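The values are calculated or read from the model by the stated rules, or taken from the named source; none is laboratory data. Values in this document were obtained by computation on a predicted structure and should not be read as measured data. A quick note on method: Cβ atoms are made from the backbone with ideal geometry, for glycine too, and the neighbour counts reach across all protein chains shown. All accessible areas refer to the heavy atoms of the entire protein, side chains included, with ligands and DNA or RNA removed. Shrake-Rupley method; radii C 1.70, N 1.55, O 1.52, S 1.80 Å.
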Amino acid sequence: MVGLWQAVTLARRGHDVTLHERSAEAFGESCSVYAGAMLAPACEQETAEAVIGMLGRRGVALWRETYPGTIANGTLVVAPSRDRAELDRFARMTKGHQWLPANELAALEPALRDRFTGALYFAEEAHLAPEPALRFLLDRARQDGVRLSLGDGAAPESADLVIDCRGLAAKDDLPDLRGVRGERIIVKSREVILSRPVKLVHPRFPVYVVPWGDGLYMIGATVIESEETGPITLRSALDLLSAAYAVDPAFAEAEIVAQGAGARPAFPDNRPRIIARNGYIYVNGLYRHGFLLAPALAELVADYIETGVKDSEVFGEDRAER
Ligand SMILES: Cc1cc2nc3c(=O)[nH]c(=O)nc-3n(C[C@H](O)[C@H](O)[C@H](O)COP(=O)(O)OP(=O)(O)OC[C@H]3O[C@@H](n4cnc5c(N)ncnc54)[C@H](O)[C@@H]3O)c2cc1C
């Protein structure tokens, strides 16, 4: 996701770009295929720093300008009545929401009728299905003249500048980088009808359901300090599926079509970084926000290349530089 946004942004601004991708199948080995992909800069403020919200709002705007598949229906945050205190805490930690009482919630999202006493509604947020979005950006890159070199993991030799967006594979150059495992399940249902992501606040973990269209729903995601990307555990499956059932019991009849885990690239403070050194610009550590932040970071990198100005606090260092 990060590399594609870099390529598209730079090509549009007239730069001569070659995109090198190690996997022969374009996205085969990426973390990005596991994403939700919620574009939720306001909800993320529950745990993330202000810079994520600021860059995220720009990210949502760029997605909406660029990708027609961006669905701007907002996000709902709900809790079972016994966890109402958690919902109040979520409201205190975030901005940009309105409280919807039960009747307004039912009008907006009829599948949630009679299930919750109300919801927080973040109207400015958006979401998309990740694989079609990745394919769209790849096509857009081709149309804008980007040369593609698939199945090519070698360091480019003749480039004036290399922008390194290798995700977790860049650990060799960025020793602070770590992977944070995120497990998710994809189900298909003809009975569940949701028009926007629904996040279920819970004392142990927040879970969300993202409607991808065509009856597909992504249920995610765990946050585990591990770089394992193998199959998900039974415990995580129970947690994720129970949460989906709590959102709408009609999920009981859904078919499970996929499960799996990606390792999110993250620095120790879970903030993204743009690191420029020795003819390389590393863009990495997008953690839980890769889809949300990639367009805004691509814009910052392009501005820096053209003006030399590091116009954001995400320009930083890693341990190898100090
Ligand atoms: C379960 C889950 C849910 C998520 N949900 C969301 C969400 O709702 N919203 C959101 O914004 N984010 C979400 N994320 C986070 C998001 O997916 C990541 O932040 C993002 O995918 C990171 O993208 P990336 O391009 O940095 O890394 P990657 O997607 O891993 O891409 C790195 C690419 O570099 C390639 N590569 C590696 N080595 C080389 C080499 N030597 N040469 C050439 N190419 C190479 C790899 O093949 C890969 O294609 C989620 C993540 C997970 C796991």
**Message:** Residue by residue through segment 203-214, what is 3J(HN,Hα) from phi via Karplus (6.51 cos²θ - 1.76 cosθ + 1.60, θ = phi - 60°)? Round to whole Hz and write x for glycine and proline.
**Reply:** x, 9, 7, x, 10, 9, 10, 10, x, 9, x, 6
**Request:** Tally up the carbon and sulfur contribution to the accessible surface of the chain as a whole percent, 1.4 Å probe, everything protein left in place.
**Result:** 48
**Message:** Amide H of TYR208 versus every other amide H placed in the peptide plane: which residues, excluding those fewer than 5 positions away on the same chain, fall under 5 Å?
**Reply:** LEU200, GLY220, ALA221
**Length added when fully stretched, VAL51-LYS188, from 0.36 nm per residue minus Cα-Cα** = 45.8 nm
**Complete:** Counting sequence-distant residues (5 or more places) and residues on other chains, those with an amide H built under 5 Å from that of ARG264 are VAL180, ARG181, GLY182
**Message:** Per residue, how large is the accessible surface of segment 127-237? Use a 1.4 angstrom probe and give square angstrom.
**Reply:** 49
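I need the fraction of alpha carbon pairs in the chain separated by more than 29 Å, rounded to a whole percent. Working shown, then result.
Working: 18592 of 51681 pairs.
The answer is 36 percent, as a whole percent.
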**Request:** Starting from the Cα of ASP144, move 7 Å in the Cα-to-Cβ direction to define the label point; list residues of segment 39-67 whose amide nitrogen is under 11 Å from there.
**Result:** 66-67
**Amide N of segment 211-235 lying under 18 Å from the label point, which is placed 7 angstrom from the Cα of GLU25 along Cα→Cβ** = 229-232
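Leaving out ligands and nucleic acids, and using a 1.4 Å probe, what accessible area per residue does segment 50-119 come to in Å²? Please report the intermediate quantities before stating the final value.
Numbers: 3640 Å² over 70 residues.
I get 52 Å² per residue for segment 50-119.
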**Prompt:** So if we plug the beta-carbon distance of PHE315 and LEU238 into 1/(1 + (r/R0)^6) with R0 = 45 Å, what FRET efficiency do we get, rounded to 0.05?
**Reply:** 0.60
**Message:** At 0.36 nm per residue, and after removing the present C-alpha to C-alpha distance, how many nm does the segment from ALA154 to THR307 gain when stretched out fully?
**Reply:** 52.2 nm
